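Taking it in order: structure first as structure tokens, then the write-up.
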Amino acid sequence: MDFSKVIGNLKALGYGVHEFGTAKEAALWLDGEIDGRTVGFGGSETLSEMGLYDILSSHNTVYSHHVPKDGMTSEELRKAACSAEIYLSSVNGLSEDGEIINIDGKGNRVASIFYGHSKVYLVIGENKLAPDYGKALWRARNIAGPLNAKRLGMKTPCTVKADRCYNCKSPDRICRELAVLWQCPMGADIEIVLIHESLGY
């Protein structure tokens, strides 16, 4: 896949952009970039597949609500991640024009991407890229949402086939907030890490 169009658009929108052939190369680069810091993780299969929690934990203090730590509750871990110096996440959809789309359940991930950290890294596999905003949003709702709900064992209509969003009102619904970055937020330092591999949902 050719990333040249989206890279140009992302840079014009105020993001730093780095391109890697493999997840391993990207993980090695991030390992060198982040040292001796507090680091928060958003819920992300991409980060998990890359083994970034273990890699960065060797020389940083890392918080993820998916990884138990020192008797902290998952909510305490979310709050610690939200107040960390550095934040890492992936995204649910990225258009070639540079629009970044995320859908969340509690809102901690999208809030942290928007504000509160000295630096944010968004790690994105090529499977997240879509030609335009509409298709990126469709992908977030109908591919990422159902697959994540199924992975988490949620009792929602979309988990039966993991085929599409049913816009349900289930108590287990994880698709509750939609966040779109049209441009890098004012004063924010966000690095986009693009990888020529399929990663996460």
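Rule-based calculations on the coordinates, nothing more; no lab input. Nothing here was measured: the structure is a model prediction, and the numbers come from that model. Neighbour counts are summed over all protein chains in view; Cβ atoms, including those assigned to glycine, are modelled from backbone coordinates with ideal geometry.
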query = So for segment 4-195, taking the charge dipole from beta-carbon charges (+1 Lys/Arg, -1 Asp/Glu), which of 7, 98, 84 sits furthest toward the positive end?
reply = 98
request  = Quick one: dipole size for the chain, taken about the Cα centre, charges +1 on Lys/Arg Cβ and -1 on Asp/Glu Cβ, in debye to the nearest 20.
outcome  = 980
Segment 103-119 - phi-based ³J(HN,Hα) in whole Hz, Karplus 6.51/-1.76/1.60, Gly and Pro as x = 10, 9, x, 8, x, 5, 5, 5, 4, 5, 5, 6, 7, x, 10, 5, 7
note = Under the helix-only model (-39500 (n - 2.57) for each DSSP H run of 4 or more, divided by the residues of the chain), the mean residue ellipticity at 222 nm, to 500 deg cm²/dmol, is -8500 deg cm²/dmol
task = Express in whole angstrom the spacing between the alpha-carbon centres of segment 75-151 and segment 1-51.
result = 13
message = Cβ neighbours within 10 Å, averaged per peptide: list 188-195, 161-168, 19-26 in order, most packed at the top.
response = 188-195, 19-26, 161-168
